[in-house]
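Colleague: Pasting a structure below so you can have a look.
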Amino acid sequence: MNNNLKITQIDIYPFNVASEHEFKIATMVISGAQNVLIHIRTNDGVDGWGEASSFRAIVGETQLINLAAAQELRDVLIGKNPLEYASRVRELDAFLPLNSTIKSAFDMALYDLAAKHANLPLYRFLGGEKRPMETDLTMGIAKLEEAGKDALKIVNQGFSMIKTKVGIDPEEDILRLREIRKAIGPDIKIRIDANQGWDRVTAVKCLNEMEELDIEFCEQPVRRWDLDGMKYVSERTSIPIMADESVFSPEDAMAVIQKQAAPMINIKISKAGGIKNAIMIANICEAAHIPCMTGCMSESGLANTAFSHFAMAHPIVQYFDLDANVGHIDEPIIGGVSIENGMIDFPDDIIGIGAYPDPDFIKKLKSL
């Protein structure tokens, strides 16, 4: 380890990316990405990039909150060795116990920097090897008359798995799913995500009526704190339940497993506070034989590539929802993974995360 390596500068940038359309979930409507970029620099020139994307109704953060928090978190790291990233992440968690998405951006930049220093792609730095990874493409809560057409557009892009949001109107949820299945036929997988939109009774009613539609799994049918409700739903439907908003931390994962509330867990690095904590969650799930998915929010190709590295390195991650930047307009990110017919592909020469903002774009931004 280079004991003389020090963090000398951390730049913080507001990062907005337009999207082709609004995205509606049970708890909010998203129009484009309002993110934050973190750039960590060192005394020997090696650097790292990270990104935070905050869904306020899920994580309790906004872009402005993250920009303010980032300026204080920067002071925690300046002058310290970034290769001691486990200690650095513990210090961030101790300074700010919540605020997971902005901490995940700092964590991501530290891992990018460490993998670059080792001259390795991040997934190899994490001990992984290449394996096939196929992602779904997510559609928001569409108008009933448009749901089938929207789903068919996804299939025509080459995806064989669709995730659709539900959780606002139970009757419309069921009708919308029927329209989607009718439009795409029996061979395309359908996943659903209620984003905490149902109560336990409504969830059981809806899922039982959806069983005939061959739903692969349902994410977070009830409120995040209602583990008893999630267990109630799991025991009364044949559609597997995946805990998402219920799992921010390793302790949350242990609670879901101990209560047997859900047989699957979605690990989102933005919720976990970064790669280090996501690894802890993955290890807990692997010990309990709980299959996982790696998901995303509204990140660019920078963070989505980082998430793909994490998923690649952890075989317990068996499901992939890594479509964050699909639909972004003129995204200023160079490199990173590509998606072809739903398959996630890494460039052969990738080092670190292997994705970074266009320097010409960064010159136009004002660092905080």
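What follows is calculated from the coordinates using simple rules that are stated; it is not laboratory data. As the structure is a computational prediction, the values presented were derived from the model and not from experiment. With ideal geometry, Cβ positions are generated from the backbone for all residues, glycine too; neighbour counts draw on all protein chains shown.
Colleague: Beyond a 21 Å Cα-Cα separation, which of these cross-linked pairs lie in this structure: 24/153; 276/366; 80/363?
Modeller: From 24/153; 276/366; 80/363, over 21 Å: 276/366; 80/363.
Colleague: Describe numerically, in nm with one decimal, the distance between label points set 7 Å from Cα along Cα→Cβ at residue 129 and at residue 149.
Modeller: Going by the 7 Å Cα→Cβ label model, 4.8 nm.
Colleague: Here's another thing I want to ask about it. Which is the longest run of the chain containing none of the GluC sites (Glu not before Pro) found in DSSP loop states (not H, G, I, E, B) with at most 14 other C-beta atoms within 10 Å?
Modeller: Segment 236-368 is the longest.
Colleague: When the chain is fully extended, how far beyond the present Cα-Cα distance does residue 182 get from residue 168, taking 0.36 nm per residue of separation?
Modeller: 2.9 nm
Colleague: Now for a separate question. Can you list the residues, at least 5 places off or on another chain, whose amide H is less than 5 Å from the amide H of residue 242, using H built in the peptide plane?
Modeller: Under 5 Å from the amide H of residue 242 lie the amide H atoms of 218, 219, 220, each far enough along the sequence or on another chain.
Colleague: For Rg and Dmax of the Cα atoms in Å, one of (1) 25.2, 85; (2) 28.9, 97; (3) 19.9, 62 was computed from the structure I shared and the rest are decoys. Which label?
Modeller: (3)
Colleague: Which of these, 132, 240, 121, has the largest mean-square fluctuation under a Gaussian network model of the chain (Cα springs below 10 Å)?
Modeller: 132
Colleague: Mind jotting down the distance between the C-alpha centroids of the stretch 165-195 and the stretch 70-140, whole Å?
Modeller: About 35 Å separates the Cα centre of the stretch 70-140 from the one of the stretch 165-195.
Colleague: What FRET efficiency, computed as 1/(1 + (r/R0)^6) with R0 = 41 Å and r the Cβ-Cβ distance, is obtained for residue 156 and residue 120, rounded to the nearest 0.05?
Modeller: Result of the calculation: an efficiency of 0.65.
Colleague: Label residue 44 and residue 343 with points 7 Å out from Cα along Cα→Cβ: what is the distance between them in nm?
Modeller: Distance between label points: 3.8 nm.
Colleague: Can you work out the PRE-style zone for residue 75? Point 7 Å along Cα to Cβ, and I want the residues of the stretch 92-120 with backbone N under 16 Å.
Modeller: Correct set: 92-97.
Colleague: Give a quick list of chymotrypsin sites (Phe, Trp or Tyr not before Pro) in the stretch 145-254 that DSSP marks as loop, anything other than H, G, I, E or B, with at most 16 other Cβ atoms within 10 Å.
Modeller: Those satisfying the criteria are 225.
Colleague: Could you go through the stretch 231-242 in sequence order and give the Karplus-derived ³J(HN,Hα) for each residue, using 6.51 cos²θ - 1.76 cosθ + 1.60 with θ = phi - 60°, rounded to whole Hz, and x for Gly and Pro?
Modeller: 5, 4, 5, 4, 7, 10, 9, 8, 7, x, 9, 10
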